[in-house]
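Q: Handing you this structure, nothing more for now.
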Amino acid sequence: MQPFTLLIKPSGSDCNIDCTYCFYKCRAPQVGTGRQRMSGEVLERLVKDYLGLRFPMSGFAWQGGEPTLMGLDFYQRAVELQKKYGIAGQEVGNSLQTNAILLDSAEWCRFLHENKFLVGISLDGPKELHDHYRLDLGGHGTWDRVMRAIGCCKEHKVEFNTLTLVNHLTADHPDEVFDCLIGLGVRYLQFIPCVEVDPQTGQIAEFSVSPKQYGDFQCRVFDRWIQFGPQRLSIRDFDSLLSYCIRGHPTICTFDRQCSQYIVVEHTGDVFPCDFFVEPKWRLGNIFETPIEQLAACAQKKAFARRKQDLSNKCLVCRHLAICRGGCMKDRAPVGWAVPTNSTEHISAMDGGHSPPYGRESRFCESYRQFFDYALPRFMQVAAQIRSGALVRPRQLK
């Protein structure tokens with residue numbers, strides 16, 4: 001079967017900070033509230049069954065909520081189980097996406113380094129931008145604690161990248177964000193557009209980035225990337241576009257033809273096709289009821305994967321269709337920007353029709369058109385340099 005990655009939520013939506021824009025806590029009623037913890041039985045079953053598929057590369061992506069709430073013992077046990085159920089020559093990779101608050105100890109960082117975990121640290125740039133939304137449960141900013149954790153990771157040679165949410169504040173400060181990350185010595189960056197629906201109004205939440213803001217942000221960061229040197233800096237979306245230019249296919253699901261790169265395993269063992277769609281409609285089953293390979297290949301999962309191909313008419317005639325593929329389905333789905341709030345259109349679609357929201361254009365359609373028009377010729381030049389050997393890219397973190 002086609003290899004896939006496990007995106008694992010061992011602590012569900014539980015978190016030790018309270019980011020205003022958190023997309024997962026609004027899904028908490030679907031996955032549980034309060035203290036959520038994956039049991040040892042669930043952990044062992046998912047490791048055993050997944051490694052039993054004998055993929056050449058088996059990827060465990062630990063996310064949240066906040067996955068470090070599980071404690072170091074949990075991940076030590078996970079590595080023990082991976083060694084127990086893996087076989088000689090089978091490559092296993094672990095990644096940990098975290099707010100980093102708890103990664104300020106030598107014990108944590110030594111473990112992450114020794115076991116080759118790739119750590120993704122959420123950081124929204126300079127202190128004043130980061131601390132606006134990324135607050136702890138007492139309402140205090142978290143930037144200083146993240147800086148301590150980054151220092152500890154550097155000291156113990158933990159491989160890490162940063163994930164920056166491009167919200168309506170950070171979007172207006174691309175140079176400040178870029179300079180902050182580069183100044184910290186980070187050479188592997190991710191930028192994710194922030195857009196959520198306010199559950200009270202059904203409209204786009206005030207912290208969300210606008211399409212024009214996001215397009216401008218991407219173009220400016222692209223300029224800085226070119227100036228800094230593509231051979232010295234990896235930016236996840238840009239790497240995906242380079243892969244398209246060189247090999248004809250992207251590396252991230254946002255621009256893929258189908259949504260099939262991973263499955264989500266919740267702390268209960270429930271499985272979903274995507275962490276943006278953790279809801280009863282898309283529950284595939286539970287790993288104690290159905291083997292994981294069957295869940296990953298079931299009709300429900302395939303139906304979800306195909307939904308990405310339900311494109312709007314505007315997409316079908318767009319010159320950038322082969323690159324964009326309509327963007328992320330999550331950015332097509334919210335009601336507030338395309339359908340009156342009293343409309344039932346989205347309800348019929350979620351109930352299984354092939355009408356919008358999945359067939360609606362992405363909120364970021366104009367962002368991507370602006371960016372591709374601006375940057376694609378230069379991407380092609382960089383790709384040609386890579387093919388010729390004139391430019392050597394940073395090695396990929398795994």
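Q: Could you sort 313-319, 290-296, 64-70 so that the peptide with the highest average Cβ count within 10 Å comes first and the rest follow in order? All intermediate terms of the calculation are to be shown ahead of the outcome.
A: Working: 313-319: 13.0, 290-296: 17.4, 64-70: 23.3.
Highest mean packing first, the order is 64-70, 290-296, 313-319.
Q: Let me ask something additional. With each run of n ≥ 4 DSSP H residues scored as -39500 (n - 2.57), what mean residue ellipticity at 222 nm is computed for the chain after dividing by its residue count and rounding to the nearest 500 deg cm²/dmol?
A: Computed mean residue ellipticity for the chain: -11000 deg cm²/dmol.
Q: What ranking do 386-393, 119-126 get when scored by the average of other Cβ atoms within 10 Å per residue, highest first?
A: Values: 386-393: 11.8, 119-126: 23.6.
So the peptides 386-393, 119-126, ranked by packing, come out 119-126, 386-393.
Q: What net charge do the residues around Ile17 carry, taking every other residue with its C-beta under 10 Å from that of Ile17, with Lys and Arg at +1 and Asp and Glu at -1?
A: -1
Q: Tell me which residues come under 5 Å, amide H to amide H, from Thr20 once H is placed; ignore anything under 5 positions away on its chain.
A: Placed amide hydrogens put Leu135 under 5 Å from Thr20.
Q: Decide, for the stretch 33-142, between rounded, prolate and oblate: order the square roots of the alpha carbon gyration tensor eigenvalues as a ≥ b ≥ c, take rounded if a/c falls under 1.5, and otherwise choose prolate if a/b is larger than b/c, else oblate.
A: prolate
Q: OK, next. Would you mind counting up the charge near Phe228? Only other residues with Cβ under 14 Å from its Cβ, with Lys and Arg at +1 and Asp and Glu at -1.
A: Result for the neighbourhood of Phe228: +3.
Q: Put a dot 7 Å past each Cα toward the Cβ at Lys83 and Leu135; how far apart are the dots in nm?
A: With each label placed 7 Å out from Cα toward Cβ, I get 4.4 nm.
Q: Fully extended, how many nm does the chain gain between Ser388 and Ser39 (0.36 nm per residue separation, minus their Cα-Cα distance)?
A: Working: separation 349, 0.36 × 349 = 125.64 nm, distance 5.05 nm.
Value of the extension gain: 120.6 nm.
Q: Once you have a ≥ b ≥ c as the square roots of the Cα gyration tensor eigenvalues for the stretch 142-213, tell me rounded if a/c is under 1.5, and otherwise prolate or oblate according to whether a/b is larger than b/c.
A: Since a/c reaches 1.5 and a/b is larger than b/c, the shape of the stretch 142-213 is classed as prolate.
Q: Quick one: among Gly326, Gly89, Gly285, which has the greatest mean-square fluctuation in a GNM of the chain with alpha-carbon springs under 10 angstrom?
A: Evaluated over the chain, the most mobile residue of the options is Gly89.
Q: Next up: Using a 10 angstrom cutoff on alpha carbons, build the Gaussian network for the chain and name the most mobile of Phe55, Phe238, Phe160.
A: Maximum among the listed residues: Phe55.
Q: Going by the alpha-carbon gyration tensor, a ≥ b ≥ c the square roots of its eigenvalues, is the stretch 95-248 rounded (a/c under 1.5) or, if a/c is not under 1.5, prolate (a/b greater than b/c) versus oblate?
A: Taking the square roots of the gyration eigenvalues as a ≥ b ≥ c, the stretch 95-248 is oblate.
Q: While we're on this one: What's the local net charge at Gln36, with K and R +1, D and E -1, over the other residues with C-beta under 9 Å away?
A: +1
Q: Quote the FRET efficiency, to the nearest 0.05, computed for Met57 versus Thr290 with a Förster distance R0 of 30 Å and r equal to the Cβ-Cβ distance. Please list the in-between numbers first.
A: Details: r = 24 Å, r/R0 = 0.78.
Computed FRET efficiency for Met57 and Thr290: 0.80.
Q: Taking the Cα centre of the chain as the origin and placing charges on Cβ (Lys, Arg +1; Asp, Glu -1), which of Ala299, Ile17, Asn161 is farthest toward the positive end of the dipole?
A: Of the candidates, Ala299 comes out farthest on the positive side.
Q: Could you sort Phe288, Phe364 by accessible area so the largest value comes first, with the probe set to 1.4 Å?
A: Phe288, Phe364
Q: Sticking with this one: At 1.4 Å probe size, with no ligands or nucleic acids counted, give the accessible surface of His173 in Å², nearest ten.
A: Spelled out: His173, probe radius 1.4 Å, area about 70 Å².
Q: Give a residue-ordered list of calculated ³J(HN,Hα) values for the stretch 361-378 (Karplus: 6.51 cos²θ - 1.76 cosθ + 1.60, θ = phi - 60°; whole Hz; x for Gly, Pro).
A: My calculation for the stretch 361-378 gives 5, 5, 4, 9, 3, 5, 4, 5, 4, 4, 5, 5, 4, 6, 10, 4, x, 6 Hz in order.
Q: Suppose every Lys and Arg Cβ carries +1 and every Asp and Glu Cβ carries -1, with no other charges. What dipole size does the chain come out with about its Cα centre, to the nearest 20 debye?
A: Values: 47 positive and 44 negative charges, 296 e Å.
In total the dipole reaches around 1420 debye.
Q: Name the residues whose placed amide hydrogens come within less than 5 Å of the amide hydrogen of Thr5, ignoring near sequence neighbours (fewer than 5 apart) on the same chain.
A: Here the answer is Tyr262, Ile263, since their amide H atoms fall under 5 Å of that of Thr5.
Q: Let me ask something else. Can you give the % of DSSP beta bridges in the chain that are antiparallel, to the nearest 5?
A: If I count the DSSP bridges inside the chain, around 20 percent turn out antiparallel.
Q: Would you mind checking Lys281/Lys330; Lys281/Lys308; Lys9/Lys301; Lys9/Lys302; Lys308/Lys330 for any pair whose Cα atoms are more than 20 angstrom apart?
A: Table pairs above 20 Å Cα-Cα are Lys9/Lys302.
Q: Run down the aspartates and glutamates and flag those whose C-alpha is under 19 Å from the C-alpha of Lys116, throwing out any fewer than 8 positions away in its chain.
A: Asp73, Glu80, Glu91, Asp104, Glu107, Glu155, Glu159
Q: When only Cα pairs under 8 Å and 6 or more residues apart are kept, what is the percent relative contact order across the stretch 229-342?
A: 23
Q: Here's something else I'd like to know. Provide the per-residue ³J(HN,Hα) series for the stretch 147-160, in order, calculated from phi with Karplus coefficients 6.51, -1.76, 1.60 and θ = phi - 60°, each as a whole number of Hz, with x at glycine and proline positions.
A: 4, 4, 5, 4, x, 5, 4, 5, 4, 9, 6, 6, 6, 9
Q: Go through Val264, Thr251, Leu181 and say which Cα lies farthest out towards the positive end of the charge dipole of the chain; charges sit on Cβ, +1 for Lys and Arg, -1 for Asp and Glu.
A: The Cα lying farthest towards the positive end belongs to Thr251.
The values are calculated or read from the model by the stated rules, or taken from the named source; none is laboratory data. Computed from a prediction, not measured in an experiment: that's the story for all the values here. Note that we place each Cβ from the backbone using ideal geometry, even for glycine, and neighbour counts take in every protein chain shown. With ligands, DNA and RNA removed, areas are computed over all heavy atoms of the protein, side chains included. Shrake-Rupley method; radii C 1.70, N 1.55, O 1.52, S 1.80 Å.
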